[in-house]
Ligand SMILES: [Fe+2]
């Protein structure tokens, strides 16, 4: 059997196997299979020029990722977990990042099999913002230091754009409407004329923040994440507690919903009217329905047949299920990634940096900054047509 036929057979078998995988894994696996197949098919052993970057991130996770021409060579990360019932602690988070970052840099370099960083790494991307000031500062300082040590360019990346570009890379989505849902951001985005335009967003707190804060009321563990623990409880919810449904045009409001459930939960649980599971279920169903509504409206407006979900809350299988139902009704494709790439990671900053550097976007060290507020639509996306 020729090499190409062998590859084709392998490709078909793996595709068949991938259909049995969990929903979020299947997208990733199918893409990897296709890439492997295409690599085998070409069989040219031709190597494009090497581009390697890394990046750090902006809240309770710190990661270092190395990418070469869109291939993730390494992507280690570390998370600061606040005690149960408590939220972010910026100072301790920054302390954690300070303690972990050099180990992560070393680990990333070793995993990527880099022996001479000054020669093999073409640039360093770091998170310019948005995020918490103190953690951002750690990434910026280390990135600036290493750029000077190795005499290579520095690339300031918008965290949200990092999520979008990583999602496009991993799933193969071409020009999707993006639902970006995390602890700090909730936006519906579509690309137009060199900007990632925000079609709709939360007008107060982010959806991840809403879920996390309810997890604090229930004193849920922050490990692996409060949102994940809400999702597990919600799977066993039976009864829907009536919560406000706050869609305002293309925007949503979540703080009133949170106040309502925070105020009522202790009494409802104590008198046995609703269980913790019921309340997690009710909160998820309500806020996810709101997100799907504005996302669908953005897809209808742009005529897009692709939806990409990114950000930490994008791992939530119930949200993915609701998005899949909406997409299938519209004949559209849903693209989602698993927790390796949808939760904050270094490789996503590296990927955006890789695209930016290829377009000549870099900064002088003396002019490099970081900022807590940096909107997705402030970035000039000159690497796209
Ligand atoms: Fe994020």
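The values are calculated or read from the model by the stated rules, or taken from the named source; none is laboratory data. Just so we're clear, the structure is a prediction, and the values are computed from it rather than from any experiment. Don't worry about glycine lacking a Cβ; one is built from the backbone with ideal geometry, like all the others, and counts go over all protein chains shown.
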Within segment 257-293, residues being in contact with a strand residue (DSSP E or B) (Cβ under 8 Å, 6 or more places away or on another chain) and either surrounded by fewer than 21 Cβ atoms within 10 Å (Cβ to Cβ) or not assigned by TED's automatic domain parsing to the domain that holds residue 320 (or both) number 1
Of the residues in segment 319-339 that are farther than 28 Å from residue 194 by Cα and within 16 Å of the ligand (Cβ to nearest atom), the one that is surrounded by the fewest Cβ atoms within 10 Å (Cβ to Cβ) is 339
Please determine whether any residue of segment 357-366 is part of a helix (DSSP H, G or I), without any contact (Cβ under 8 Å) to a residue 40 or more places away in the chain and over 20 Å from residue 176 (Cβ atoms). yes
Those residues of segment 278-311 which are within 16 Å of the ligand (Cβ to nearest atom) and within 13 Å of residue 230 (Cα to Cα) amount to none
Those residues of segment 300-318 which are surrounded by fewer than 20 Cβ atoms within 10 Å (Cβ to Cβ) and within 27 Å of residue 282 (Cβ to Cβ) amount to 317, 318
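For every residue, the table says whether it meets (1) within 23 Å of residue 308 (Cβ to Cβ); (2) surrounded by fewer than 18 Cβ atoms within 10 Å (Cβ to Cβ).
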{"site": "186", "(1), (2)": "yes, no"}
{"site": "194", "(1), (2)": "yes, yes"}
{"site": "201", "(1), (2)": "yes, no"}
{"site": "204", "(1), (2)": "no, yes"}
{"site": "208", "(1), (2)": "yes, no"}
{"site": "229", "(1), (2)": "no, no"}
{"site": "233", "(1), (2)": "no, no"}
{"site": "243", "(1), (2)": "no, no"}
{"site": "254", "(1), (2)": "yes, no"}
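Residues checked against (1) crowded, with 21+ Cβ neighbours inside 10 Å; (2) farther than 27 Å from residue 354 by Cβ; (3) assigned by TED's automatic domain parsing to the domain that holds residue 226:
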{"position": "70", "(1), (2), (3)": "no, no, no"}
{"position": "83", "(1), (2), (3)": "no, yes, no"}
{"position": "91", "(1), (2), (3)": "no, yes, no"}
{"position": "94", "(1), (2), (3)": "no, no, no"}
{"position": "98", "(1), (2), (3)": "no, no, no"}
{"position": "101", "(1), (2), (3)": "no, no, no"}
{"position": "108", "(1), (2), (3)": "yes, no, no"}
{"position": "111", "(1), (2), (3)": "no, no, no"}
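When you scan segment 111-197 for strands (runs of 3 or more DSSP E) that lie fully inside it, which ones turn up with 3 or more residues that are touching a residue at least 24 places away in the same chain (Cβ under 8 Å), more than 15 Å from the ligand (Cβ to nearest atom) and over 13 Å from the mean Cα position of the chain (by Cα)?
Per the criteria, 154-158, 186-192.
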Expected single match for farther than 17 Å from residue 383 by Cα, assigned by TED's automatic domain parsing to the domain that holds residue 330 and touching a helix residue (DSSP H, G or I) at 6+ places or on another chain (Cβ under 9 Å) among 152, 205 is 205
Does residue 292 satisfy the criteria of being more than 16 Å from residue 157 (Cβ to Cβ) and outside any loop (DSSP other than H, G, I, E, B)?
yes
In segment 211-255, residues that are farther than 26 Å from residue 343 by Cα and assigned to a helix (DSSP H, G or I) total 0
